[in-house]
Amino acid sequence: MALSPIDVQHQEFSSAMFGYSKKQVRAFLEQVATEMEENHKKQEREMQRREQMQDEVKQEAAQASSAVEDLQRREELISRTLVFAEKTKADIIANARKEAENILHEAELKAKRAIQEAKQYLGAMEQQYVHLKEQKRQFLMQFHSELQTFMDRIGKDPLLTHNTEQLLDTEFRQIKEEIVQKDEPITPEITDGD
């Protein structure tokens, strides 16, 4: 239990035959001494902490001062860099404009050449187109003529006329009936020429 100044002022000791109890007085004094020593150590630690904080504040102030000086140097360097960058930017823009003009001029020349080549190519393609168109026309006329000839031949074929087909069917049935009536096996005739 920590002692307060009021506790020390109001501390009473039981009386003994020859005054206060020595044990109680000694115990109280030891307690007071211990607490005073702890308080003294606390105060020393607090003072060391304050001194350390003051040193840290001084170091931080020195660092801040150094940082301010560094920032001032950087600001000056940035200012010089910006001036140099502006000059460089102006030079780059001027060079870029010249380069762009050269590129445009070259592009115009190339475009004119490309257009001329395209016109020549288009003329050649037109000639080929006309030639192919004529070949196609000739092919179609020839094919139409040949197809017409084949159609005429097919139309004149005796198997496609209805009367001829019926006549052949009738003849075939008659031959079949004759063979069936004779009850002879049908054998194909073999000639010397076969």
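For this structure, a couple of remarks:
- Among the residues of the stretch 15-29, the ones that are at pLDDT 75 or above and in a loop (DSSP other than H, G, I, E, B) come to 1 in all.
- Residue within the stretch 45-52 that is part of a helix (DSSP H, G or I), over 30 Å from residue 6 (Cα atoms) and of a type outside the set (A, V, I, L, M) present: yes
- Here residue 175 meets each of (1) under 50 Å from the mean Cα position of the chain (by Cα); (2) at pLDDT below 90; (3) of a type in the set (Val, Ile, Thr) with one exception, condition (1).
- Contact annotation: no residue pair with Cβ atoms under 6 Å, 6 or more positions apart or on different chains, pairs a residue in the stretch 9-32 that is at positive phi with a partner that is of a type outside the set (Phe, Trp, Tyr) and at pLDDT 75 or above.
- Residue match in the stretch 93-106 (condition: more than 60 Å from the chain's Cα centre (by Cα), part of a helix (DSSP H, G or I) and either at pLDDT 90 or above or among the acidic types (Asp, Glu) (or both)): no
The values are calculated or read from the model by the stated rules, or taken from the named source; none is laboratory data. In this text the structure is predicted, and so the values were computed from the model without any measurement. A quick note on method: Cβ atoms are made from the backbone with ideal geometry, for glycine too, and the neighbour counts reach across all protein chains shown.
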